[in-house]
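Only one structure is covered here, and it is reproduced in the block below.
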Amino acid sequence: MGVGAVAVILLAVLTLLRALRNYSRLRAIPGPSAAGWSDFWRIYVRNKSHYGRRLSGLHREYGTVVRLGPRFLSVADGSIIGYLDQGVDEGPPEPQHRNTIPSNSVTVSPDNLQTTHPTWERSQGIPEYEGVIDPSTKQLIKAIRRYRVLDITSSLRIFATTFINQLTTGGLLQARHDNMGRGSRWLSMFSTIEFMLIRSPVTALKRDRGRRLATCATLPVAAPTVSVEGSHAVSSNGPLPLQQRSRDGSRTRPYSNGIRGGHSVAGTFVSLFYFLLRHQEFLDRLRFEIDTAFSVGSLSDIPRWRELNRLSYLDAVLKETMRLSVNFEEEIKAPLDGVIVAGYPVCKNTTLLWNSRVLQFDSETYGNDVHSFQPERWLMADAQQRSGMEQGLISFNRCVRDHPEAQVAWLELKKVIVLILLKFNTQLLHAAEPSIDADDNFAPPSLMVGFTPRAPGS
C-alpha cells in the first residue's frame with residue numbers, strides 16, 4: 001500500500017473521529033441530525049432567506065432548545081437567556097437554580113422603570129438628564145407647525161438617531177462632566193432637521209396637489225448581531241468597546257449592549273407612527289389617554305417621566321411596536337464549567353443564540369395573531385403570560401438594566417411622542433409599502449403626513 005493511500009485512509013479516519021466527537025458534544029439535545037456532525041448545515045441554513053422563520057419552525061418541531069451545530073444552540077425562552085446573562089459577570093449559576101431566574105436578577109421593563117427611579121436611577125445620576133431633549137423637542141414642534149406636511153419616517157429617524165448618538169458616543173456617564181456645552185449640542189442637530197425638511201417631498205406634495213409622490217429612501221434601523229465572549233464583544237459592524245465605566249469607576253456590562261439598546265429604542269420610535277397611522281382605532285385610543293391625562297392635570301405641558309409612566313396604553317403601544325419592528329440575533333458563551341439549559345447539559349465553549357423572530361412571534365406566548373398589531377394583548381394578559389411576553393423583549397430589557405443611556409433615550413423619546421399627539425391632528429396622505437427583506441427585517445416606509453394644530457381634547 002502506497003504512502004498516498006495511507007495518508008488518505010488516515011485523513012478519513014481523523015475526519016470520522018472529528019465528526020464523532022462533534023456529534024457527542026450535544027448529542028442529548030434535539031435538532032436536525034445533520035447539525036450534529038459539522039457546522040456546514042448551520043451555515044447553509046443561516047445564509048438562506050427567511051432564516052428566522054426556519055428557526056421558529058425548528059423550535060416548534062424540537063422544543064425550547066435546538067441543536068444547530070456541534071457548538072451552537074438556539075434558545076426560545078428569554079428567561080433562560082436572562083439567567084445565562086447573569087453568569088457572564090457573576091460566574092456559573094448554581095445547579096439547583098439553572099432553569100429559573102435567580103432571586104437577585106433584575107429585569108427592567110417599560111412597566112417597572114418608574115419603580116427604579118429613587119434607587120437605581122439616582123445611583124447612576126439619571127434624574128439630572130430628565131428634560132435633556134426638551135430644547136430639541138420644542139424646535140421639532142415649531143418645524144412641524146411651519147411645514148405642516150412632512151415625511152414623518154425620515155424626520156423622526158434623523159431626530160432619534162442623532163439624539164441617541166449624542167447619548168451613546170463616549171457614554172452618557174462620561175459626558176455628564178461636560179454639562180457646559182450640553183444645550184448647544186442638542187440644538188445643533190436641528191440644522192440637519194431643517195435641511196431635511198426643506199429638501200423633503202413637502203414642496204412636491206404641494207406642487208402636485210396630492211398626486212402620488214416618489215417616496216423617500218429609508219434606512220432601516222436594525223440591531224447588529226453581537227457575540228459576548230470572554231473579554232471581547234464583536235459586532236457585525238466591526239469591533240465595539242467592551243466596557244464602559246460606571247460613576248465609581250467599576251466595570252459594567254459590555255458597551256455593545258448599549259449600542260443594541262439604542263437601535264431598539266430608535267427603531268421603535270421611528271416605527272410607532274407607521275403602526276398608529278395604519279390603525280386609526282389604536283391612534284384614537286392613545287390620543288384619548290393622553291388628552292384625559294392632560295385634562296385632569298396629571299400630564300404637564302412638558303411631560304415628566306413619572307407622568308409618562310402612568311400612561312399604560314402608551315407603554316402597550318410601544319411594546320407592541322418594538323415586538324413587530326425590532327430585529328436582532330444575539331449570542332452568548334456557556335460558562336467554563338458548563339450549564340444545564342432546559343434540562344440538557346451544555347458544555348463549555350458552546351454558543352447559545354436567540355433570535356427575535358423566535359422570541360417575539362411565538363404564538364404560545366403572544367396568541368395566534370402574532371403578526372397583527374394588537375397593543376391590547378399587553379393589557380389583557382395575566383401575570384404569567386405577561387412575564388413571558390416581557391422576556392420576548394430580552395434585548396431591550398438587558399440594555400436598559402445595564403446602560404443608563406438607553407433608559408434616558410427611552411423616556412425622553414416617549415415624551416416626544418406624547419407632545420406630537422397632544423399638539424397635532426395627523427392625516428396620512430401617502431404611505432409607501434413597508435420594506436421586509438429576505439431575513440424578515442422590518443423597515444418602516446416613507447409616510448407623508450399632514451399636521452394641523454389642535455387643542456387637547458378636541
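Computed from the coordinates by the stated procedures, all read-outs in this text should not be read as laboratory data. Quick caveat, the model's predicted, so the values are computed rather than measured. FYI the Cβ positions are ideal-geometry reconstructions off the backbone, even for glycines, and counts take in every protein chain you see.
Suppose the chain between Arg60 and Asn368 were pulled fully straight at 0.36 nm per residue; how much longer would it get relative to their current alpha carbon spacing? Present the calculation step by step, with values, prior to reporting the outcome.
Numbers: separation 308, 0.36 × 308 = 110.88 nm, distance 1.40 nm.
Gain on stretching Arg60 to Asn368: 109.5 nm.
I'd like the FRET efficiency for Gln385 and Ile9, computed as 1/(1 + (r/R0)^6) with the beta carbon distance as r and R0 of 51 Å, rounded to 0.05. Once the sixth-power term is evaluated, E becomes 0.30. The slack in the chain from Arg454 to Phe288, taken as 0.36 nm per residue of separation less the alpha-carbon distance, amounts to 58.4 nm.
Cross-link partners for Lys319 among the lysines, with Cα-Cα distance under 19 Å and sequence neighbours closer than 8 places in the same chain left out: Lys414, Lys415. Taking 0.36 nm per residue of separation and subtracting the current Cα-Cα distance, fully stretching the chain between Ala28 and Lys142 would add 34.9 nm.
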